[in-house]
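Here the structure is laid out as structure tokens; the discussion comes afterwards.
The values are calculated or read from the model by the stated rules, or taken from the named source; none is laboratory data. What you are looking at is a predicted structure, and each value in this text was computed from that prediction instead of being measured. Glycine also receives a Cβ, built like all others from the backbone with ideal geometry; neighbour counts cover every protein chain displayed. What goes into the accessible areas is simple: the full protein's heavy atoms, side chains included, and nothing from ligands, DNA or RNA. Shrake-Rupley method; radii C 1.70, N 1.55, O 1.52, S 1.80 Å.
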Amino acid sequence: MKIDNQFNAVLAKSLFESSRNGFDFALFFKDWFKRLGTGYFFLFKRNLKATNIQLGELLALIRAYTTSGGAPSRELQFISTAAIREWLKSIILTLNPLNEEFKFQLIADLYGPLLQRIIIVDAFFTSCSVMTPPGVELDLSSICAFSGYVHSCGRNVFIRRIEKTLKEDFFQSIDEFLTRHIAPNKRVFFAVYAHEDFTGYDRDFETELRQGLDGVKLFIEKFWMGPASLVSVLKDMKERYRTQLEIPDPGNFRTKHKEFRNHRDVDTSRTLWLITDFSIDAASNGASTQRYFICYDQWLINENPFHIFDENKPPW
């Protein structure tokens, strides 16, 4: 791969600015993959209790429909956040005796070609987060259209373990998203995928939702963000984002969504969703005890019925 000197210079700067008091991977991740790169999110129709083919399908589609600098990019390397954290820390530790600026420029020159094609993939029990470096973009329309197991996809707005989530951190992510991606004269529909607002109205699709979307719903009355209940968080959001977000009162989501989509200032191309999901237990390939709040900017939804086929049948 041709070495991109401009890419390497930006990488060296990002590494250097993330190391004011020793290398802080969280700062580097936020700058490199969130501010300069792009965060994507994919929600699956089936969880890992039903099948794991959705992950293989997604990675294959990412390989087929990813561009770097506008050109197709096939030489991709997939890695988890935990793995790249340890990898970078070990490299920096090895070169610690060197001058700071020289050290990070050396890392950029040596590993820039690799970091140009590294994509972070963090799989959850029913979903997946994908982070790309600067210049690398996914063709979401094609990935969604050709997938049988992706339910919906869009931008990654906020992901954090529930016990570590604070209202202030959540609001900061919402602020950054609205500032960067939403026009000042537009509002966005925000929905909590809650049992209270959905389960009573979607039982016609119960067999399709079982071992899938039912598992990412949450009970609004039972969840907290630090010392603040989710109920109070939503009340504060209504006031704080009254000119930017359209947050419905409790009730049938379909009715509220249809009503709000008729408002002229609402951006009908997207919906912000708040869901929950579990990390994966490596030993059993099932859901672990670690649960996450996930907020994503849904651009596309997939109507492909492929996922309804029973994979236990002999043809598979």
**Prompt:** Restricting attention to region 219-228, does a residue exist that is open to solvent by less than 30 Å² (accessible area, probe 1.4 Å), among the small types (G, A, S) and over 16 Å from C295 (Cα atoms)?
**Reply:** yes
**Prompt:** With respect to the numbered conditions (1) within 30 Å of A228 (Cα to Cα); (2) part of a loop (DSSP other than H, G, I, E, B); (3) in contact with a His (Cβ under 9 Å, 6 or more places away or on another chain), which one is the sole condition not fulfilled by F125?
**Reply:** (3)
**Complete:** For region 44-65, pairs from a residue that is closer than 16 Å to I119 by Cα to a residue that is open to solvent by 50 Å² or more (accessible area, probe 1.4 Å), with Cβ under 7 Å and 6 or more apart or across chains, are L59/F78; L61/F146; R63/R74; Y65/D139
**Request:** Filter region 277-305 down to the residues that are aliphatic (A, V, I, L, M) and either part of a strand (DSSP E or B) or in contact with a Pro (Cβ under 6 Å, 6 or more places away or on another chain) (or both), then identify the one that is least open to solvent (accessible area, probe 1.4 Å).
**Result:** I294
**Residues satisfying the stated conditions in region 237-267, i.e. surrounded by fewer than 13 Cβ atoms within 10 Å (Cβ to Cβ) and either at pLDDT below 90 or touching a His at 6+ places or on another chain (Cβ under 7 Å) (or both)** = D249, G251, R254, T255, K258, E259, N262, H263, R264, D265
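Output yes when any residue across region 144-151 is assigned to a helix (DSSP H, G or I), β-branched (V, I, T) and under 22 Å from G212 (Cβ atoms), and no when none is.
No, region 144-151 contains no residue that is assigned to a helix (DSSP H, G or I), β-branched (V, I, T) and under 22 Å from G212 (Cβ atoms).
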**Failed condition for I53, given (1) at pLDDT 90 or above; (2) within 25 Å of L209 (Cβ to Cβ); (3) open to solvent by less than 50 Å² (accessible area, probe 1.4 Å); (4) of a type in the set (V, I, T)** = (3)
**Asked** Is it true that L98 is in a helix (DSSP H, G or I) and aliphatic (A, V, I, L, M)?
**Response** no
